Amino acid sequence: MPPDDGHGSPSRGLLVEAAPTPSDDGHGSPSRGLLVEAASMPPDKMTINRFRPIIPGATYFITSVVHERQRILVNPAFAQIVVDQLKYYEAEYQFDLPAYAVMPDHYHAVISVSEKKTISQILHAVNSYTATLINQHLGYTIKAKIWQGKAWDVVARDDGAYWRMIAYTLLNPWREGLVEKPLQPYPFSNITEWRERDGDEFLLDLFAQIRDWREFGE
């Protein structure tokens, strides 16, 4: 794993690349045939069953959408369940969670996996148990579907992509009108942690890197 800058993310200036595999294209990342590029599948099409390669040490941008885009996560208790389970499994499965944001009908997370669990195992655990807890809160005896199929993921192929993933995730509540200002605290993201640790100037500079919101599918 690359060196850490103190908040579970690779040091600035270091490339965030997957360890080479037999199917590599020679640049430390799998060939294009193994990965779905960001623009190729919007999050609302995530019912498509597709192959997810195992890439030890990779960093992923995750989007997981609520079934039929129901805005159930507008309920603070349900949004907090998602936050709590992301953090619980971060410790349990030993991955890094540098950024996350829970929106009314989906959530984004940036996850750097370790060798303990694959991204598929992590997402299955998080989404399965959040679904169980939300159903319990709703009082359902027959478990209702909470998530829209498999989560959508994009692998960070270089340092710039990693930081754009962070910026996209932290800015999403402002972009969706859930807060009035880009740096405003949002209870279901970790932007406050970033402000306290790295400062507002750093974040504003980071946010300026976003040129095309479609890069990560929305």
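Quick note: the coordinates plus some simple rules give every number you see, no bench work behind them. No experiment lies behind these values; they were computed from the predicted model shown. Don't worry about glycine lacking a Cβ; one is built from the backbone with ideal geometry, like all the others, and counts go over all protein chains shown.
Trypsin sites (Lys or Arg not before Pro) within region 115-184: which are DSSP loop residues with at most 16 other Cβ atoms inside 10 Å? Could the numbers behind the result be given before it?
On the way: sites: 116, 117, 143, 145, 150, 157, 164, 175; in loops: 116, 117, 143, 145, 150, 157.
Hits after loop and neighbour filter: 116, 143, 145.
Near the amide H of residue 99, under 5 Å away, which other amide H atoms are found, from residues 5 or more places off or on another chain, if H is placed in the peptide plane?
It is 110, by chain and number.
Residue by residue through region 184-195, which ³J(HN,Hα) values in whole Hz follow from phi under the Karplus form 6.51 cos²θ - 1.76 cosθ + 1.60 (θ = phi - 60°), with glycine and proline marked x?
5, x, 10, x, 10, 9, 10, 4, 4, 4, 5, 4
Rounded if a/c is under 1.5, else prolate if a/b beats b/c, else oblate: with a ≥ b ≥ c from the C-alpha gyration tensor eigenvalues square-rooted, which is region 154-218? Write out the running numbers ahead of the final one.
Values: a/c = 1.83, a/b = 1.30, b/c = 1.41.
Cα axes put region 154-218 in the oblate bin.
How would you classify region 57-211 from its alpha-carbon gyration tensor, with a ≥ b ≥ c the square roots of the eigenvalues: rounded for a/c under 1.5, else prolate if a/b is greater than b/c, otherwise oblate?
Details: a/c = 1.93, a/b = 1.34, b/c = 1.44.
Oblate is the answer for region 57-211, as a/c is 1.5 or above yet b/c matches or exceeds a/b.
Per residue of region 145-158, in order, report the coupling 6.51 cos²θ - 1.76 cosθ + 1.60 (Karplus, θ = phi - 60°) as ³J(HN,Hα) in whole Hz, putting x for Gly and Pro.
6, 9, 10, 7, x, 6, 5, 9, 9, 10, 8, 6, 8, 7
Count the net charge of all other residues whose Cβ sits under 15 Å from the Cβ of residue 135, scoring Lys and Arg as +1 and Asp and Glu as -1.
Neighbourhood net charge equals +2.
In whole Å, how far is the Cα centre of region 107-123 from that of region 152-218?
A separation of 19 Å, based on Cα centres.
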